[in-house]
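> Take a look at this one; I'll ask things after.
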Amino acid sequence: MAGFRVRRRLGAHQLEAHDADLAKRAGAALFAADERVRAAADELGFAEAELGAGAIQQPGEALAEVRRQLGIAFLLNRLNHDAMPGTADEVRARYERVVQLCESAEHVLDEQLTAIAERITRARREPEFIDGLRAELERLRARVPFVGEAIGCLAARYAREALVTVEADAAEAEQLLAFAEHSLRVAERRREAGAREQAQLALEASAESVRRAAAMLDAVEAFEVEALRAESALAAIVEESRRHLAVALDAPPSRSLATAIDELRAALAGLPAGVNTDPFAHLSRVRSAHTALESAMAAARERAMIPTPPVEQVSPAIEAADRRLDVARDAIARNPGRIGAEAMKVLAESERIRTDLGHYLGSPAVTVAVTDHDHQAQVVAMARRAAFLASEALFLARRDIEASRRHALGRGAMSAVS
């Protein structure tokens, strides 16, 4: 008992120390966040003088929201120092909320002030940035004719469907560069007029247009390389597919393998000769069919390692299932009202599988010829499952019949006693 009291006192001391540390953290966080807000307000004032009022509208709104959250944090801290602050848990929760609000406020201020600092840096380096943007614009203009010629060569070699993503890139890049040049002139005029914010917006629009034009021109050059790579890959996979077809034709027949062989043959037969082709579409189709054939061959190899039921087992398996179903149906039919729901459910499942087996064979008769190995194994498996469920239904029905008899004997004995 004494040991329990010592541990309990120790836990109380540790909790008091934790609460005291939490109170210190909350006070320090409030002080730091308040100082950060003051510094942020000064930095936004300097940014407004350098960039204009419009440039600091969003950071100013963020600062107002931070001040509102900080006001809530100060209120919570003051409640914890009232004469009746509430329970220890309530005080602790308020301190934790104060710390969270202060950390969130500093995070928001850091994001906004970092963005402002980047804009100020760009504004101070604006002349250098304009010169670099103009040089990039001229460099891209010089590339446009060569890219247009490249698109013409590609159109002579490949189908239009293959060029749908790049055929208009040269013309669109030319339009983007014209817009970028116009925006750059606007930026320079507004900068000379002292409208720094408008100049910055025009400069950003010009830079974005130049970036998009460069991406379009690069896409055409990348397409040339990718098309050549696709043609090379197509030639290699065609050669490999033909070798695999020769191997697959000698493999044991199965439905899945036959389907995969037909699909790959169709894909190879659909390859056009000469120019005006779409190497990407052809490569995708042949690769998909080739992968399907590989999967079918792998499945065939796995089946070869697993003994397949002899064809002689097919008819006996179906006959055995039918016999067991007949016995189960007869037992249930001869005892109406005595059979429970479980036995009826199992019998219904067995009958459903037997019906599916008839559809699978194309006839409910057991004399249907089954030569395909996959087909044969599936038929035997379904017949054995139907037979097992029929036996299970018969077992459950006999259990229900026996229970019904015991119940009837019990009632007869009670009547005799009465």
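The values are calculated or read from the model by the stated rules, or taken from the named source; none is laboratory data. As the structure is a computational prediction, the values presented were derived from the model and not from experiment. Note that we place each Cβ from the backbone using ideal geometry, even for glycine, and neighbour counts take in every protein chain shown.
> Assess whether GLU239 counts as being within 27 Å of LEU283 (Cβ to Cβ), in the same structural domain as PHE280 (by TED's automatic domain parsing), out of contact with any Leu (no Cβ under 9 Å at 6 or more places or on another chain) and not small (Gly, Ala, Ser). First the steps, then the outcome.
Values: within 27 Å of LEU283 (Cβ to Cβ): yes; in the same structural domain as PHE280 (by TED's automatic domain parsing): yes; out of contact with any Leu (no Cβ under 9 Å at 6 or more places or on another chain): yes; not small (Gly, Ala, Ser): yes.
Yes; evaluated as a whole, the condition is true for this residue.
> Let me ask something else about it. With respect to ARG139, is the statement that it is at pLDDT 90 or above, in a helix (DSSP H, G or I) and surrounded by fewer than 17 Cβ atoms within 10 Å (Cβ to Cβ) true?
yes
> Being crowded, with 18+ Cβ neighbours inside 10 Å and among the charged types (D, E, K, R) is the filter here, so list the residues in the stretch 57-72 that pass it.
Correct list: empty.
> Answer yes or no as to whether PHE129 is touching a residue at least 40 places away in the same chain (Cβ under 8 Å) and either in a helix (DSSP H, G or I) or outside the structural domain of ALA40 (by TED's automatic domain parsing) (or both).
Answer is yes for this residue.
> Would you mind finding the one in GLU106, GLU161, GLU172 that is closer than 29 Å to LEU30 by Cα and acidic (Asp, Glu)? Before you say what the answer is, go through the steps one by one.
On the way: GLU161 fails: closer than 29 Å to LEU30 by Cα; GLU172 fails: closer than 29 Å to LEU30 by Cα.
Within the list GLU106, GLU161, GLU172, the selection yields GLU106.
One line per residue, one yes/no per condition, for (1) polar (S, T, N, Q); (2) at pLDDT below 85; (3) surrounded by fewer than 20 Cβ atoms within 10 Å (Cβ to Cβ); (4) assigned to a helix (DSSP H, G or I):
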position	(1), (2), (3), (4)
ALA180	no, no, no, yes
GLY194	no, yes, yes, no
GLU239	no, no, yes, yes
SER256	yes, yes, yes, yes
ARG285	no, no, yes, yes
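> For ALA187, indicate whether it is surrounded by fewer than 17 Cβ atoms within 10 Å (Cβ to Cβ) and either at pLDDT 85 or above or more than 28 Å from ARG287 (Cβ to Cβ) (or both). Lay out the reasoning, then the answer.
Numbers: surrounded by fewer than 17 Cβ atoms within 10 Å (Cβ to Cβ): no; either at pLDDT 85 or above or more than 28 Å from ARG287 (Cβ to Cβ) (or both): yes.
In short, no.
> Go through (1) in contact (Cβ under 8 Å) with a residue 24 or more places away in the chain; (2) under 35 Å from the mean Cα position of the chain (by Cα); (3) in a helix (DSSP H, G or I) and name the single condition GLU118 misses.
Condition not satisfied by GLU118: (1).
> Right, here's the next one. Considering only the stretch 395-409, state which residues are among the acidic types (Asp, Glu) and loosely packed, with under 14 Cβ neighbours inside 10 Å.
GLU402, the sole residue that qualifies.
> Residues to consider are ALA142, ALA180, ALA205; find the one that is of a type in the set (A, V, I, L, M, F, W, C) and closer than 19 Å to GLN58 by Cβ.
ALA205
> On to the next question. Does any residue in the stretch 185-206 that is outside the structural domain of ALA49 (by TED's automatic domain parsing) come within less than 7 Å, Cβ to Cβ, of a residue that is of a type in the set (Gly, Ala, Ser) and not in a helix (DSSP H, G or I) six or more places away or on a different chain, and which pairs are these?
Every condition considered, the pairs that remain are ARG196/GLY52; GLU197/GLY52.
> I want to confirm something. Restricting to the stretch 18-56 and keeping residues that are at pLDDT below 70 and either of a type outside the set (Asp, Glu) or not in a helix (DSSP H, G or I) (or both), which single residue is surrounded by the most Cβ atoms within 10 Å (Cβ to Cβ)?
Result: ILE56.
> If you don't mind, there's one more thing I want to ask. Mind checking which residues of the stretch 73-92 are surrounded by 14 or more Cβ atoms within 10 Å (Cβ to Cβ) and within 43 Å of the chain's Cα centre (by Cα)?
Correct list: ALA73, LEU76, ARG92.
Residues are listed down the side, and each one gets a yes or a no for (1) in the same structural domain as PRO252 (by TED's automatic domain parsing); (2) surrounded by fewer than 15 Cβ atoms within 10 Å (Cβ to Cβ); (3) modelled with pLDDT of 85 or more; (4) not in a helix (DSSP H, G or I):
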site	(1), (2), (3), (4)
ALA328	no, no, yes, no
ALA348	no, yes, yes, no
SER363	no, yes, no, yes
THR371	no, yes, no, yes
ALA377	no, no, no, no
ARG385	no, no, yes, no
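> Just checking, does the stretch 204-223 include any residue being of a type in the set (Val, Ile, Thr), in a helix (DSSP H, G or I) and within 30 Å of LEU271 (Cβ to Cβ)? Talk me through it step by step, then tell me what you get.
Within the stretch 204-223, the subset of a type in the set (Val, Ile, Thr) is 210, 220.
Add one more test, that the residue is in a helix (DSSP H, G or I), and what stays is 210, 220.
Pick out the ones that are also within 30 Å of LEU271 (Cβ to Cβ) and you get 220.
Yes, the stretch 204-223 has at least one match.
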